[in-house]
Amino acid sequence: DTGAFLYSKNAEAKLYPASITKIMTMLVALEHISDSDLDTKVKASESALAPIDSDSSQIWLSVGEKITVRSALYAIMLASANDAANVIAEYVGGSMDNFVKMMNDKAKELKLSNSHFMNATGLHDPEHYTCAKDMSIIARALIAEGGEELLRITSTYDAYIRENTDKKFWLVNTNKLLKQYEGVDGLKTGFTTEAMSCITVTAKKKDLRLVAVAMGEPSSKQRNAEIKQMLDYGFSQYAQ
């Protein structure tokens with residue numbers, strides 16, 4: 001709530017964010033999506049699906065397939081679905097290029113000093129980077145924008161989408177801290193070979209909400225262990 005920084009180390013080092021990029025994607029999207037839009041069906045275009053490699057995280061949308069905005073948001077935040085992220089980017093921005101411009105405009109609005117985005121997914125691009133400090137600011141803005149509806153999504157451990165179709169798909173949250181640390185209810189993990197293991201987490205105990213970010217970690221195990229240490233420090237030393 002205060003925006004105070006309680007602990008940092010190399011917080012302004014420019015690093016590749018991988019899929020924690022999708023926190024910015026969600027922030028821009030939710031600024032332009034109302035509750036009445038959540039059940040709107042959006043169509044997956046060829047341009048949205050073309051950049052998605054077969055071995056990257058996705059829900060295997062096909063060209064012309066329709067999916068509700070709500071299902072796409074769950075797919076983005078639980079399963080890190082790159083195809084769903086691009087579909088939402090086109091829906092909100094009109095084109096993926098314009099959506100990326102909106103992401104960078106938002107970065108300027110938030111006065112982020114070490115961030116530049118090239119896509120909505122976090123798939124590697126040498127010119128796509130951010131830092132731990134900037135990610136914490138984006139995360140705080142997303143929590144404020146999305147409120148309880150956002151946290152309902154990001155705290156969900158597993159869910160089905162397309163339940164009444166022959167393409168029923170089980171989403172499992174990549175954020176295992178949901179079951180490992182009391183109070184964790186978001187936000188997003190990320191991994192690419194170049195970015196290594198990344199995570200942005202939020203947790204709440206009593207009236208105190210914290211955000212913790214770790215980037216460039218050698219493994220998800222070490223990443224999660226260090227996040228737990230940061231959260232332990234914050235909750236033991238501070239009160240709202």
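The values are calculated or read from the model by the stated rules, or taken from the named source; none is laboratory data. Just so we're clear, the structure is a prediction, and the values are computed from it rather than from any experiment. All Cβ positions, even for glycine, are placed from backbone atoms using ideal geometry, and neighbour counts span all protein chains on display. Heads up: the accessible areas ignore ligands, DNA and RNA and are worked out on the full protein's heavy atoms, side chains in. Shrake-Rupley method; radii C 1.70, N 1.55, O 1.52, S 1.80 Å.
Residues of the range 25-50 being farther than 15 Å from residue 84 by Cβ and either touching a strand residue (DSSP E or B) at 6+ places or on another chain (Cβ under 8 Å) or in a loop (DSSP other than H, G, I, E, B) (or both), which ones?
32, 34, 39
What residue, among those in the range 28-65 that are of a type in the set (Val, Ile, Thr) and open to solvent by less than 70 Å² (accessible area, probe 1.4 Å), is nearest to the chain's Cα centre (by Cα)?
Restricting to residues being of a type in the set (Val, Ile, Thr) and open to solvent by less than 70 Å² (accessible area, probe 1.4 Å), the top hit is 28.
For the condition surrounded by 23 or more Cβ atoms within 10 Å (Cβ to Cβ) and touching a Gly at 6+ places or on another chain (Cβ under 8 Å), what is the one hit in 71, 80?
Details: 71 fails: touching a Gly at 6+ places or on another chain (Cβ under 8 Å).
The match here is 80.
Could you check residue 165 against (1) assigned to a loop (DSSP other than H, G, I, E, B); (2) surrounded by 13 or more Cβ atoms within 10 Å (Cβ to Cβ) and say which number it fails?
Unmet condition: (2).
Against the conditions (1) part of a helix (DSSP H, G or I); (2) of a type outside the set (A, V, I, L, M); (3) in contact (Cβ under 8 Å) with a residue 60 or more places away in the chain; (4) over 24 Å from residue 15 (Cβ atoms), where does residue 234 fall short? Just the number, please.
Condition (4) is where residue 234 drops out.
Taking the conditions exactly as written (hydrophobic (A, V, I, L, M, F, W, C), part of a helix (DSSP H, G or I) and touching a residue at least 24 places away in the same chain (Cβ under 8 Å)), does residue 120 satisfy them or not?
No.
Counting only residues that are open to solvent by 80 Å² or more (accessible area, probe 1.4 Å) and on the phi < 0 side of the Ramachandran plot, how many does the range 9-27 have?
Taking the range 9-27 as the starting set, the residues that turn out to be open to solvent by 80 Å² or more (accessible area, probe 1.4 Å) are 9-10, 12, 14.
Keeping just the survivors that are on the phi < 0 side of the Ramachandran plot gives 9, 12, 14.
Residues in the range 9-27 being open to solvent by 80 Å² or more (accessible area, probe 1.4 Å) and on the phi < 0 side of the Ramachandran plot: 3 in total.
Counting only residues that are at pLDDT 95 or above, within 19 Å of residue 143 (Cβ to Cβ) and among the acidic types (Asp, Glu), how many does the range 7-57 have?
Looking only at that region, the number is 1.
Mind checking which pairs have a first residue in the range 186-197 that is within 9 Å of residue 215 (Cα to Cα) and among the hydroxyl-bearing types (Ser, Thr, Tyr) and a second that is open to solvent by 80 Å² or more (accessible area, probe 1.4 Å) and assigned to a strand (DSSP E or B), Cβ under 8 Å, 6 or more apart or different chains?
Listed by first residue and then by second, the contacts come to 197/191.
Is there any pair linking a residue in the range 84-110 that is under 20 Å from residue 58 (Cβ atoms) and open to solvent by less than 40 Å² (accessible area, probe 1.4 Å) to one that is of a type in the set (Lys, Arg) and at pLDDT 95 or above, with Cβ under 8 Å and at least six apart or on different chains, and which?
Once the first residue is under 20 Å from residue 58 (Cβ atoms) and open to solvent by less than 40 Å² (accessible area, probe 1.4 Å) and sits in the range 84-110, its partners that are of a type in the set (Lys, Arg) and at pLDDT 95 or above give 85/22; 87/43; 93/101.
Filter the range 126-161 down to the residues that are surrounded by 17 or more Cβ atoms within 10 Å (Cβ to Cβ) and more than 23 Å from residue 223 (Cβ to Cβ) and list them by number.
Residues satisfying the conditions are 146, 159, 161.
State the number of residues belonging to the range 168-198 that are more than 20 Å from residue 56 (Cα to Cα), touching a helix residue (DSSP H, G or I) at 6+ places or on another chain (Cβ under 7 Å) and not in a loop (DSSP other than H, G, I, E, B).
So the answer is 4.
Between 200, 189, 193, which is under 15 Å from residue 20 (Cα atoms) and either of a type in the set (Phe, Trp, Tyr) or open to solvent by 60 Å² or more (accessible area, probe 1.4 Å) (or both)?
The unique qualifying residue is 193.
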